[in-house]
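Colleague: If you scroll down you'll find the structure; I have some questions about it.
The values are calculated or read from the model by the stated rules, or taken from the named source; none is laboratory data. Because the structure is a prediction, the values reported are computed rather than measured. All Cβ positions, glycine included, derive from the backbone under ideal geometry; neighbour counts span all protein chains shown.
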Amino acid sequence: MRSLAHAAFVLMIGAVGPLSAAEIVEHEVTEKTTTRYSGTVTRVDPGSSTIILQSEPAKPPQTYTYTKQTTFVDDTGKTVTYEEVQNRPVTVYYTKQGDSMVVSKVEVTNRPGGVIERKETTTEIPAR
């Protein structure tokens, strides 16, 4: 009888053990920092998938990389081509990937007086 009670106890612990382990939830969070930068498009190069922005004449232009996922829109949200942003004031939204600044969105802006803006935001994205 004692061995039967012992066996029942072992089975009970075995059944409860995995439930306790299943209750442990691992939550890993990575951060993705998106930066917003405004300037005037001086050149779009489809061959190298780059867009060059000049913010101030005294500062060197900034080069950004765009991808097939990059959206080009005007200030009303309407899609435009990358040719249409040439020589226009824009705001680019990008993330730093290694040495590259990869653009997710290029938005034509109607900035008064050439206001230059740079802003960073961090978004937490659950790891998969």
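Colleague: Would you mention how many residues in segment 50-95 are part of a loop (DSSP other than H, G, I, E, B) and among the hydroxyl-bearing types (Ser, Thr, Tyr)?
Modeller: 3
Colleague: Right, something else. Which ones in segment 86-105 are over 13 Å from Tyr66 (Cα atoms) and surrounded by 13 or more Cβ atoms within 10 Å (Cβ to Cβ)?
Modeller: Gln86, Arg88, Pro89, Val90, Thr91
Colleague: Could you list, in sequence order, the residues of segment 46-76 that are under 20 Å from Lys96 (Cβ atoms) and exposed (fewer than 14 other Cβ atoms within 10 Å of the Cβ)?
Modeller: Ser48, Lys59, Pro60, Thr67, Lys68, Gln69
Colleague: Return the only residue of Val73, Val41, Val85, Val92 being under 15 Å from Lys105 (Cα atoms) and touching a helix residue (DSSP H, G or I) at 6+ places or on another chain (Cβ under 7 Å).
Modeller: Answer to the selection: Val41.
Colleague: Examine segment 84-106 for a residue that is more than 20 Å from Thr35 (Cβ to Cβ), at pLDDT 90 or above and hydrophobic (A, V, I, L, M, F, W, C), and state whether such a residue exists.
Modeller: Within segment 84-106 (the criterion being more than 20 Å from Thr35 (Cβ to Cβ), at pLDDT 90 or above and hydrophobic (A, V, I, L, M, F, W, C)), the answer is no, since none of the residues qualifies.
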